[in-house]
Amino acid sequence: MSNGGFIGPIVAPSLGDLVTAFTASGTFTRNKSTGTVGVVAGGGQGAGNIGGSGGGGGLILTPSSFPLPASPVTITIGGGGGPGTPHPATTPGDNDQGGNGIDSSFGTALVSIGGGGGGDHSSNGSNVGAPGGSGGGGRRNGPPGGSATQPGAPGDSGTYGYGSAGSGGTSPDTTGRAGAGGGAGGAGSAGNGGASKAMPAFPTAYGLTGNYAGGGGAGGSVPQGGAVCGTSGGGGAGGGNTPYADGQANTGGAGKGGGTATPVAPGSSGLGGSGVVLVTEADVLQNTSGVWTLADVYENVKNGTWSSS
């Protein structure tokens, strides 16, 4: 036979980057001893009643030399902030107050912090954005935004972690903008969500919008229009009274603040987007299905790239 006696198509093996993406909690087992790890927490929820937007989920992005544990690693994916998640200054489920996003983690070594919820304009919740991986935005008329609390990896002096503070809003009531949440790549400003952070080690095919994550949401504003989201990375956009927008799933994007000046029902401000964990391992054997020639097997054994697992 022309293929040397094999029945079926021959698939030539090759070495290349292997990206493992987790959009739900699970377990990671390594192929190589080192790799690049990205851990994105859930984004914060925006607040109602011309409220501040949520802060983007905290981001941890390691260098390519990060040691991957030999034993399986537990992966936890944090959900986005919503009515059922707490804001530090008020009660869980408050209709106007933005809830914090939930933490994501790669084992116990890398933990990214959920984005802070936005501050609202009513009297039954906090008007200051909550602290978080990136802080939530404060309501209009100028209260400060929440602070960023995303730390670096243990022993790394903070260089792995990314998060920014939220902003306060502007006045007067008739034309003001609420503060906006910070993003993994930059702080928020009145109305405008903080920038997200590029993750160049991970291709767009694995759930990221333009390789960015952790965008802050847009703050609520009066009248309609004016507020926009940060750069790519899932922050909720939309201005004025409508529409409010949720953060994008699997990016840690934050929800937009509501635009109405009256008490609002749950869901009238944007919910936070869920997080994601990604691992890139370089020079992993690819195309492992199909039929290989004995010459291919020999070359991989000789080069140390053959694995029987």
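Out of everything in the range 160-178 that is modelled with pLDDT of 80 or more and not in a loop (DSSP other than H, G, I, E, B), what residue ends up being farthest from the chain's Cα centre (by Cα)?
161
Restricting to the range 33-51, name every residue that is at pLDDT 85 or above and more than 24 Å from residue 198 (Cα to Cα).
Within the range 33-51, 33, 47 meet the criteria.
Being over 17 Å from residue 255 (Cβ atoms), in a loop (DSSP other than H, G, I, E, B) and at pLDDT 95 or above is the requirement here; does residue 105 meet it?
Taking the combined requirement at face value, the residue does not satisfy it.
Can you say whether residue 20 is among the β-branched types (Val, Ile, Thr), surrounded by fewer than 14 Cβ atoms within 10 Å (Cβ to Cβ) and in contact (Cβ under 8 Å) with a residue 40 or more places away in the chain, as far as the supplied structure shows?
no
Answer yes if at least one residue in the range 103-114 is surrounded by 24 or more Cβ atoms within 10 Å (Cβ to Cβ) and among the charged types (D, E, K, R), and no otherwise.
The answer is no; no qualifying residue exists.
The values are calculated or read from the model by the stated rules, or taken from the named source; none is laboratory data. The model shown is predicted, which means the values in this text are computed figures rather than measured ones. Virtual Cβ from ideal backbone geometry, glycine too; neighbours counted across all protein chains shown.
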